[in-house]
Amino acid sequence: MKKLINKVENIVDEMVEGIVASAPSKLAKVPDYNVVYSKTFNKNNVALVSGGGSGHEPAHAGYVGDGMLTAAVAGPIFTSPTPDMVQAAINACGSSKGTLLIIKNYTGDVMNFQMAAEMANVENRNVDFVVVADDVALINNKSSTGMRGIAGTVLVHKVTGAKAQTGATLEEVKAVAEKAIANVSTYGLALDACTVPAIGHKGFTLGDDEVEMGLGIHGEPGVKKTKIQPVDTFVQEMMDAIISHLKINSGDKVSVLVNGLGATPIMELYIANRKVHEILKSKNIQVVTTHVGNYMTAIDMPGMSISLMKLDNELEHLIKTPCDTLAFKV
């Protein structure tokens, strides 16, 4: 295993220190916790807290700042943060209007973030939550957990953060988050596994000519293995599933996120983005914003995902509202 690290057990601590050091006038770390929060947050607005296991950078600390998240919690690699870590993030925000937790749909995240919300509300902190489940590849999944929360979560952060910045109430901010969640879908594929530093080798094996469709951002199984094909073929299949699920029709507007999983050259993501736009144009679907790059990764996994958010007038305004974070700018 070749990694640019020091000790495996110090990876998350040192990463968080490095994130804060990159923008010390805007970001701070909660003492004794791997929680990054915004130093410029207006405490008269609703606070937004998200997070999860590390290894998905720039998610989630990269989205802390004006117009997006107020704080992000960085658990161990691919491991949910504990409730006390989430509570530390809520306390660091110190909002007078309350806090909304934006949770990706994984069992540990949902359990621990909800537990933190319950504990905070006992202390009259006024905390609520939403759960993002945008992985359309698992639309027919019959498990108790259902669809996973993946890269579409970033677009939820964006519009919800813009709404919070208007001074809206907790109920109004939650309503926008729920609308965004209902109108975002993501489909991903992987060309190979990632290497978790603590394990030291790849978590699974794909043949040299194999691709896994619908693979999760922790290496969870996808929906099928298939042979490598031209990227246009994959993009068409992914877009068909997303457009069908969201019931996007001619004349509708969307926001596009073409996301790398950590080891995919940006060149290849732009090739995929070209096909995404070709498909949307052919269907007379208007693209309002496009983001291409690494937004929700899986350490060093080669692969990509495509997310679309179907926009009404409110979501269109919010997706275009300026924001200032390390990893997402408008």
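The values are calculated or read from the model by the stated rules, or taken from the named source; none is laboratory data. Quantities reported herein were computed from a predicted structural model and do not represent experimental measurements. With ideal geometry, Cβ positions are generated from the backbone for all residues, glycine too; neighbour counts draw on all protein chains shown. Note: accessible area is taken over every heavy atom of the protein model, side chains too, but ligands, DNA and RNA are not part of it. Shrake-Rupley method; radii C 1.70, N 1.55, O 1.52, S 1.80 Å.
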- For a label point 7 Å along the Cα-to-beta-carbon line of A198, residues of the range 75-101 with backbone N under 20 Å: 75-87
- Can you give the percent of C-alpha pairs in the range 185-246 whose distance is more than 14 Å? 59 percent
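Given the rule -39500 (n - 2.57) for each run of at least 4 DSSP H residues, summed and divided by the residues of the chain, what is its mean residue ellipticity at 222 nm, to the nearest 500 deg cm²/dmol?
About -10000 deg cm²/dmol.
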- Given the alpha-carbon gyration tensor of the range 160-202, what are the semi-axes of its equivalent ellipsoid in whole angstrom, ordered largest first, with each equal to the square root of 5 times an eigenvalue? 37, 15, 7
- Item | Cα-only radius of gyration and Dmax that characterise the chain, units Å | 18.7, 55
- Query: Rounded to a whole number, what % of the accessible area of the range 114-171 do carbon and sulfur atoms account for, probe 1.4 Å?
  - Reply: 48 percent
- Note on the structure: For the range 6-93, percent of DSSP beta bridges that are antiparallel (nearest 5) comes out at 45 percent
- Give the distance, in whole Å, between the Cα centre of the range 234-251 and the Cα centre of the range 290-315. 15 Å
- So, relative contact order of the range 132-222 in percent, Cα under 8 Å, 6 or more apart, is 27 percent
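In Å², and per residue, what accessible area does the range 187-252 have when probed at 1.4 Å with the other protein chains present?
Numbers: 3140 Å² over 66 residues.
Per residue, the range 187-252 has 48 Å² of solvent-accessible surface.
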- Among bridges DSSP assigns within the chain, what percent are antiparallel (round to 5)? 55 percent
- Counting all C-alpha pairs of the range 15-124, share separated by more than 22 Å (%): 22 percent
- Task: Compute, for T166, the solvent-accessible surface of its heavy atoms (probe 1.4 Å) with the complete set of protein chains present, and express it in square angstrom to the nearest 10.
- Result: 90 Å²
- Item | Radius of gyration and Dmax over the Cα atoms of the range 121-251, both given in Å | 18.0, 55
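Taking only protein heavy atoms into account and a 1.4 Å probe, give the accessible area per residue of the range 272-312 in Å².
Roughly 35 Å² per residue, with all protein chains present.
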